[in-house]
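Written out below as structure tokens is the structure these notes cover.
The values are calculated or read from the model by the stated rules, or taken from the named source; none is laboratory data. Please read these numbers as outputs of a predicted model, since none were measured by experiment. Cβ coordinates were reconstructed from backbone atoms using ideal geometry, including for glycine residues, and neighbour counts include every protein chain displayed. Heavy atoms of the whole protein, side chains included, go into the accessibility calculation; ligands, DNA and RNA do not. Shrake-Rupley method; radii C 1.70, N 1.55, O 1.52, S 1.80 Å.
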Amino acid sequence: MTTTIETYGVDPTPTPLALLLLGREADPNSERGVECPGDLPAASDPDLVERARAAKAALGERVFILGHHYQRDEVIEFADVTGDSFKLARDAAARPEAEYIVFCGVHFMAESADILTSPAQQVILPDLAAGCSMADMATAEQVAECWDVLTDAGIADVTVPVSYMNSSADIKAFTGKHGGTICTSSNAQRALEWAFEQGQKVLFLPDQHLGRNTAVRDMGFSLDDCVLYNPHKPGGGLTAEQLRDAKMILWRGHCSVHGRFSLDSVNDVRERIPGVTVLVHPECRHEVVAAADMVGSTEYIIKALDAAEPGSKWAIGTELNLVRRLAKAHPDKEIVFLDRAVCFCSTMNRIDLPHLVWALESLVEGRVPNVITVDPETEKYAKAALDRMLALP
């Protein structure tokens, strides 16, 4: 099946914000399916593809290019492997012969790769501005202050930190130093089960939605077992009694992409496409996850679409680059984006073909740009937390 753009009778006059975000004269509310008025323009230099090929060939096995699932197609074309953040970091560690790891993702992912690779390897991020809004929602200073609050409430010694992979090296190090573990969206339940074997409470960083959805949907906790710690309020906006009563202390962080999906998005797509299966990422809000038919990590989503019956209909709640790629890979299925509006990951999209070419050509010329280095002390404790995750049953 092919995917089409439908018109919904909205005023076609674009808003300034729409023009800023989309770069085209179109209203984002008219977007449907996986084609949209917010498509990113093609790279302006027609020779960029050949330049990328030539530079990569010149470097040979000295370079290993990692491409996160949310990257643009123009970048994925040159990736040696694709995957989620942790898979890519492990893939890099398994290639010790590569001097240079070019990570086409965001900053925290490159940090994880630097932690897991050897000192002889250098990890390069083609654009240093490619960050992650979720990871930036928890700073080392804020988390240290939170731990002081838990200490004052008398519960720090029975609280185990569990940090999502989508966190900075500093937060991973905090987690390791305080006896906690890292988790991915695939193994969050196992990580939480392990944590509750070590203590009575969990401080879950930095994505509130993954923590809440895993505890409530997968482990049978109630919403009342969860409290939300707001680092911008004194004491996190919570009383000592609330902290003592809680089992899950959720950090007030979220993914700017997955947080956009709403219950209205789910209801709307079910009305438009009878028989559709709604499949969403666990970083989505709790009410979205509760209303969906299937919930799973990026890798889970990909495998589900690979195994789906021809002719089946799917609405996918995750980043748009991946949804478009899945729709292109499965023309025998109807695959649409869950939300009305464009939902690229803006920071991930900073890694484009011009930046990749610049990084590769710099390496060919003997210059090593944008090296991501985690200091030894931070690396020591962050790796301890990652090792605990790797040891999970």
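For Leu223, project a label point 7 Å along Cα to C-beta. Then give me every residue of region 241-264 with its amide nitrogen under 13 Å of that point.
The answer is 263.
Of Met348, Met137, which has the most accessible area and how do the rest follow, probe 1.4 Å?
Met137, Met348
Explain nothing, just compute: Karplus ³J(HN,Hα) = 6.51 cos²θ - 1.76 cosθ + 1.60, θ = phi - 60°, for every residue of region 159-169 in order, whole Hz, x for Gly and Pro.
Taking θ as phi minus 60°, the curve returns 10, 10, x, 10, 10, 5, 3, 7, 8, 6, 4 Hz for region 159-169.
Over the Cα atoms, compute the radius of gyration (one decimal) and Dmax (the largest Cα-Cα distance, rounded to a whole number) for the chain, in Å.
Expressed in Å, the Cα Rg and Dmax of the chain come to 21.5, 63.
What number, in percent, do you get for the relative contact order of region 200-297 if the mean sequence gap of Cα pairs under 8 Å and at least 6 apart is divided by its residue count?
31
If you bin every alpha carbon distance in region 258-393 into 5 Å steps from zero, what whole percent lands in each bin?
Per 5 Å bin, starting at 0, the Cα pair percentages come out as 2, 9, 15, 15, 13, 12, 12, 11, 8, 4, 1, 0.
Under 18 Å from the Cα of Lys313, which lysines turn up, not counting those fewer than eight places away in the same chain?
By straight Cα distance, Lys313 reaches Lys303, Lys328, Lys333.
By average Cβ neighbour count within 10 Å, what is the ranking of 295-303, 326-334 from highest down?
By packing density, highest mean first, the sequence is 295-303, 326-334.
Just order 351-362, 120-131 by mean Cβ neighbour count inside 10 Å, highest at the front, would you?
By packing density, highest mean first, the sequence is 351-362, 120-131.
Only helical DSSP H runs with n ≥ 4 go in: add -39500 (n - 2.57) per run for the chain, normalise by residue count and round the 222 nm mean residue ellipticity to 500 deg cm²/dmol.
Value at 222 nm, helices only: -11000 deg cm²/dmol.
Tell me, what does the Kirkwood hydrodynamic radius of region 162-279 come to in angstroms if you use every pair of distinct C-alpha atoms?
15.5
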